[in-house]
Amino acid sequence: MTDLDQRIASVLREHAEGETDTHRLLRNSRALGRRRQVRRRTATGTALALVGVLGFVGVGGTDLGGLSGRMPWGAATPAAPSAVPPRADGVPGAAQRPDLVGTDPQVLHLAIDTGRARYLRWASDGMGGEQIRLSVGSGRPVLVEVNRSAQPFEYGIEGFPTSAVPGRPTFDGEIRQVGGTTGGLVKTWQPARGLYARASMLGGDRRALAKAVDALRWNEARRCAAPLKLTTLPEGARVTGCSVDVAAFPGSLTVQLTVFREPATMWVQLLYGAQISGGRAESNRVVGGRPAFLYPAGTKLELLGIPKAHLTADLGPEWTEGYLKDKPTFTEADMATVLAGARVAENLTDPETWK
């Protein structure tokens, strides 16, 4: 059973003796769907950026084992410089204002001690949840999730097999083994009143997970989408999600922002890869005085001319069935509006320019 199936079943059980709340059912399933789309698209973008790296390795004859730490799913930490989200000056951390966690998709209300750990990814979904994936030394990646509600932690763990669902968490701070040999370690606790957290790691040992948790800093706030800013949005639209993947930094970087206007979603993605040679030569559109390319399906627009990078606005597949059929969606003009106002950091490999 998927996490979406479980959420639907939960609502049905609650209303087994009364009227089923179809509005809540739809709202929860669509919110969860947006979260899963963000994770899938970010992972895909990171994998595409690594294609260039792997191609270079094949030509140069370098041992692939040396790249294991650069893969987002690898266990080792690369020796290359790490990326750190800039501080959000004047914004309190989760320890001071737990009620602010997950309210602003452009802000993270927790951080890590970069002298003890390395950022692999950070994200905020604007719906109550924030995430940091980190590694300590050469240890396995650890995913830390924080939310103002305990409910999201009942529906499985990202990256874990479905059989590793630990059930209703107790938030007592204990580290538990879940999923047998194919699972990993999980800790759930409350870092502040009204705030719930989970740290999970595939494999590894309890001491490694404890070190990762100890590296968290709850009194700092950081900006999420620092390498990419959207200064213009279609009327009625807002940014509802942010995800930055730096697992292979500085060789690659993926930034994804989710733009939402009921009931439509647009994914704006900046994909940087050191091995991306040039860019698309032909253009068939002009956006903000710059060349752009509208893909044949008409649902994806790319702004051209960014060195070693692709900046796209994507509406996903057309709606041909289900609830969203015949509902209003974003248009080519909306994608052009977003890309015309997009601002990319001066140097994507230098976080000091992400301000």
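The values are calculated or read from the model by the stated rules, or taken from the named source; none is laboratory data. Given the structure is predicted, the values throughout are model-derived calculations rather than measurements. Because the Cβ atoms are built from the backbone with ideal geometry, glycine has one as well, and the counts that use them run over all protein chains shown. Keep in mind that these areas ignore ligands, DNA and RNA; they rest on the heavy atoms of the full protein, side chains included. Shrake-Rupley method; radii C 1.70, N 1.55, O 1.52, S 1.80 Å.
Numbers for the structure displayed
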quantity: Rounded accessible area of Tyr155 (nearest 10 Å², 1.4 Å probe); calculated: 20 Å²
quantity: Largest-first ordering by accessible area, 1.4 Å probe, given options Arg207, Arg222, Arg238; calculated: Arg207, Arg238, Arg222
quantity: Cα-Cα over 20 Å, subset of Lys229/Lys308; Lys300/Lys355; Lys229/Lys325; calculated: Lys300/Lys355; Lys229/Lys325
quantity: Accessible area in the full protein assembly, largest first, 1.4 Å probe, for Arg206, Arg290; calculated: Arg206, Arg290
quantity: Order of exposure, largest accessible area first, which applies to Glu235, Glu262 with probe 1.4 Å; calculated: Glu235, Glu262
quantity: Per-pair calculated FRET efficiency, R0 = 30 Å: Glu282 and Thr231 via Cβ, rounded to 0.05; calculated: 0.65
quantity: Carbon/sulfur fraction of accessible area - region 175-331, other protein chains in place, 1.4 Å, %; calculated: 50 percent
